[in-house]
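Scroll down for the structure; my scribbles are underneath it.
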Amino acid sequence: MKKKFKIFCFGFGQVAEYFIKKLIEDNFEFEIVSTNTKQTQIKKFNQINFKSYYFCGKQFDPNLIDELIHSNKVLISIPPRGSNDLVLQSFNKIFKRIKFDWITYLSATSVYGDKGGKRVDENIKPNPTSIRGISRLNAEREWLKYFKEYNLPIQIFRLSGIYSNENNILKRLKAGTLKIVEINNHFFSRIHIEDIASVLSISLTKFNPGQIFNISDNYPSSNTEIAKYASGLIKMQIPKSIAVDEIESEMLRDFYRDSKKISNEKMKSFFKYNLKYPTFKEGLKIIRNHIV
């Protein structure tokens, strides 16, 4: 029988939601506490009522401290602000003294920077080129410092580009918001949100503190390749390409600045996990059935 635990989610976005759904599916017994940036409130998710505490920047509901102290596990999906990790900035004293048994920090593969389309694994030295990537790497180093100095049981998941039933290229195609950029040798990796949730669930019972894992599917590709496949699936014309200097979005410019192929071998080997969606093709075929 699985022992009941209490999980504190800093942030409760899509990854946390899918993770909780997976815990229910895997028959874990647990309580949830989370944070949000508006106000302390009772939320309901998948028939579960739980407390969500106000936490925004340096401001937070002081009542969340007692909930955090009495939690076994912590998931951090809040992105850093500037050079600071918001969770450690406000609660560093708690993480120095409380004996949690599982902490996961969700980072991003943007920490690697541009690798000229080459394959990268966790042994490659990060060299981020974007502000977001630099902030993520600084946050990772803060958390790993606590692992070394205070024996904090933390693992870091570097997530590739996330897609799901809710957010995907098929929806952007149908909405007319998809941008295809003319650029050679540009590769990136992605991961279906259900596979992230599955690996998180497995890691509750198979855990090695201090480790970094790339969470990615098996098939890095260009945006043009995936756009052609997606447009074929829903029988739409692929959008006209634009030049790099026509990109207006800062986030999109950052995306096209970096080219790399993320290796997921460490993830698959350690967690003994076979991806449900090994490439974008399997994922988009299922998603098509939800939106067409």
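The values are calculated or read from the model by the stated rules, or taken from the named source; none is laboratory data. Every value quoted in this text rests on a predicted model; they were computed, and no experiment measured them. Positions of Cβ are backbone-derived with ideal geometry, glycine not excepted, and every protein chain shown enters the neighbour counts. With ligands, DNA and RNA removed, areas are computed over all heavy atoms of the protein, side chains included. Shrake-Rupley method; radii C 1.70, N 1.55, O 1.52, S 1.80 Å.
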Within the stretch 197-214, identify whether any single residue is open to solvent by less than 50 Å² (accessible area, probe 1.4 Å), touching a Leu at 6+ places or on another chain (Cβ under 7 Å), hydrophobic (A, V, I, L, M, F, W, C) and modelled with pLDDT of 95 or more, and answer yes or no.
-> no
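Restricting to the stretch 260-292, count the residues that are polar (S, T, N, Q) and open to solvent by less than 10 Å² (accessible area, probe 1.4 Å).
Total meeting the criteria: 1.
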Residue hits (the stretch 62-78; surrounded by fewer than 17 Cβ atoms within 10 Å (Cβ to Cβ) and free of Cβ contacts under 8 Å to residues at least 60 places away in the same chain) are P62, N63, I65, D66, I69
Residue match in the stretch 185-192 (condition: at pLDDT 95 or above, surrounded by fewer than 13 Cβ atoms within 10 Å (Cβ to Cβ) and either more than 30 Å from K73 (Cα to Cα) or not hydrophobic (A, V, I, L, M, F, W, C) (or both)) = no
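Can you find a residue that is on the phi > 0 side of the Ramachandran plot, out of contact with any strand residue (DSSP E or B) (no Cβ under 6 Å at 6 or more places or on another chain) and among the charged types (D, E, K, R) anywhere in the stretch 243-258?
At the first step, the residues of the stretch 243-258 found to be on the phi > 0 side of the Ramachandran plot are none.
No, the stretch 243-258 contains no residue that is on the phi > 0 side of the Ramachandran plot, out of contact with any strand residue (DSSP E or B) (no Cβ under 6 Å at 6 or more places or on another chain) and among the charged types (D, E, K, R).
Please find, among Y273, Y256, the residue that is outside any helix (DSSP H, G or I) and not aliphatic (A, V, I, L, M). Let's see the steps before the verdict.
Numbers: Y256 fails: outside any helix (DSSP H, G or I).
Exactly one of Y273, Y256 is outside any helix (DSSP H, G or I) and not aliphatic (A, V, I, L, M), namely Y273.
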Inside the stretch 90-116, can you point out the residues that are open to solvent by 10 Å² or more (accessible area, probe 1.4 Å) and part of a loop (DSSP other than H, G, I, E, B)?
-> I98, K99, F100, D101, D114, K115, G116
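Is it fair to say S83 is surrounded by 15 or more Cβ atoms within 10 Å (Cβ to Cβ), touching a helix residue (DSSP H, G or I) at 6+ places or on another chain (Cβ under 6 Å) and not hydrophobic (A, V, I, L, M, F, W, C)?
Numbers: surrounded by 15 or more Cβ atoms within 10 Å (Cβ to Cβ): no; touching a helix residue (DSSP H, G or I) at 6+ places or on another chain (Cβ under 6 Å): yes; not hydrophobic (A, V, I, L, M, F, W, C): yes.
Judged against the criteria, S83 is not a match.
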Among the numbered criteria (1) modelled with pLDDT of 95 or more; (2) within 20 Å of R257 (Cβ to Cβ), which single criterion is violated by P153?
-> (2)
